[in-house]
Amino acid sequence: MVAAQVAGKNGAATHSAMDRYVERVGLGDVWEKVRAGARLSYDDGVRLYESQEVTAIGYMANFVREQRHGDLAYFVRNQHINYTNICAKDCKFCSFYAKKKNGPKAYELDVDAIRQRVRQYRDVPITEIHMVGGINPRLPYQYYLDIVRAIKEERPNATVKAFTMIELQQIARVAEKPLREVILELMDHGLGALPGGGAEVLTPRVHEELYKKKLDWRDWLDTARVAHSVGLKSNATMLYGHIETLPERVEHFVRLRELQDETQGFLTFIPLSFDPQNTELSHVARSTGADDLKTIAIARLMLDNFPHVKAFWMMITPPVAQFALRYGADDIDGTIMNYEITHVIDPSTRQSLSMEQLLAMIREAGRVPVERDALYNVVHRWDVEAPPAPRTTALPVLS
Ligand code: SF4
């Protein structure tokens, strides 16, 4: 928050003091590039990660964020559905999947069950259904078409944002059709966007060590390229805080940035802080708040062609997400009904935030809440109609 207090709106009022500060900590040349709107290099990104000056990095990222979005902070009223947790990919960082179809925690939702999930929140004006699942070899092509259509029938006005790149490849495999054709058919049934998950860290070493049965970096980007080429927008994630090096995170940014130059198909970058609980990497310590903020800030600086950077409160906690709105992020995701990917083991840790809690979070951070849909169309600005409400319950702190 120090950066925000010093920076003020658009950083204009106290530039000279901040200039001296950023120069004093050895980042003056990077700051010059940022102010000039010049692209940061891979080496710049590595230097930022090597620097301990989180406040200076956040200050620069906040400058970019406010140039693009002013005081606006986006959120969405959304629902998450995970249609199956049965998966054949054995990713070492995953606590979600069940290996055996008859194991105690394995499940597959049929079309009716998915309809029921959607109907559960019929009275909430949800605009996005986010749906992903494991790579379950038993599911036929028709199943994927049917579940997308069922959601669209239940919620005609919501965007169905579904399937990671590896899921798309699996669907094409069982369909025995080219990927492009399958994506177009899914779109015909109601698919409206891709969540962009499963990118992990786009480097050969991390792929080989942690998720070698899934797509490698080239295949992930190629799949995104095909989806973007038929007009489907996606996000892009990065799962950080496990075995990756800091330069590998920068490599990830550069690879995403190159594809975005080509397709302009990414909407949002979403850094996901790794939760080691109940994974094969349970010995790994969780990322710190400083690392979370620094990663969001460096992403904002490196991904100069991405419209949005998200602080996913579910992963970094609501308090850190509030700070992130001053460190480069302009989005905090949304209400998130039924999130299971990282909290499936202990149902008591499932979390959602009410609309009032989201508004309070954003206002406390000094930003203007804007409700958006999955494609960033503005649903409602909450600065005029609703004055800040006093919060009577504490924000949840996630385990
Ligand atoms: S991360 Fe996805 S693909 Fe990997 S094991 Fe988990 S559910 Fe399967």
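The values are calculated or read from the model by the stated rules, or taken from the named source; none is laboratory data. Since the structure is predicted, the reported quantities are computational estimates derived from the model, not experimental observations. Note that we place each Cβ from the backbone using ideal geometry, even for glycine, and neighbour counts take in every protein chain shown. When the accessible area is computed, the model is the full protein with side chains, heavy atoms only, and any ligands, DNA or RNA have been set aside. Shrake-Rupley method; radii C 1.70, N 1.55, O 1.52, S 1.80 Å.
For region 110-126, what are the residues that are open to solvent by 20 Å² or more (accessible area, probe 1.4 Å) and part of a loop (DSSP other than H, G, I, E, B)? Before the answer, list the steps.
Taking region 110-126 first, the residues open to solvent by 20 Å² or more (accessible area, probe 1.4 Å) are 110-113, 115-117, 119-125.
Within region 110-126, ASP110, GLN120, TYR121, ARG122, ASP123, VAL124, PRO125 qualify.
Taken together, ALA227, ALA236 contain a single residue that is of a type in the set (Gly, Ala, Ser), open to solvent by less than 30 Å² (accessible area, probe 1.4 Å) and out of contact with any Ser or Thr (no Cβ under 7 Å at 6 or more places or on another chain), which is ALA236.
Scanning region 131-172 for residues being under 24 Å from VAL201 (Cβ atoms) and open to solvent by 30 Å² or more (accessible area, probe 1.4 Å) gives a total of 1.
Would you call ALA199 more than 16 Å from the ligand (Cβ to nearest atom), within 27 Å of ARG117 (Cβ to Cβ) and of a type in the set (A, V, I, L, M)? In short, no. Confirm whether PHE93 is more than 16 Å from the ligand (Cβ to nearest atom), open to solvent by less than 50 Å² (accessible area, probe 1.4 Å) and within 24 Å of GLY197 (Cα to Cα). So PHE93 fails the test.
With respect to ASN136, determine if the residue is polar (S, T, N, Q) and either within 16 Å of the ligand (Cβ to nearest atom) or within 10 Å of HIS189 (Cβ to Cβ) (or both).
On the way: polar (S, T, N, Q): yes; either within 16 Å of the ligand (Cβ to nearest atom) or within 10 Å of HIS189 (Cβ to Cβ) (or both): yes.
When the stated conditions are applied, ASN136 passes them.
Please determine, by comparing only the residues of region 98-126 that are touching a strand residue (DSSP E or B) at 6+ places or on another chain (Cβ under 6 Å) and either modelled with pLDDT under 95 or not basic (Lys, Arg) (or both), which one is nearest to the ligand (Cβ to nearest atom).
Residues of region 98-126 that are touching a strand residue (DSSP E or B) at 6+ places or on another chain (Cβ under 6 Å), as a first pass: 98, 101, 105-106, 108, 117, 121, 126.
Subset that is either modelled with pLDDT under 95 or not basic (Lys, Arg) (or both): 98, 101, 105-106, 108, 121, 126.
On the way: ALA98: 9, LYS101: 14, LYS105: 13, ALA106: 12, GLU108: 13, TYR121: 24, ILE126: 24 Å.
If we take residues in region 98-126 being touching a strand residue (DSSP E or B) at 6+ places or on another chain (Cβ under 6 Å) and either modelled with pLDDT under 95 or not basic (Lys, Arg) (or both), then ALA98 is nearest to the ligand (Cβ to nearest atom).
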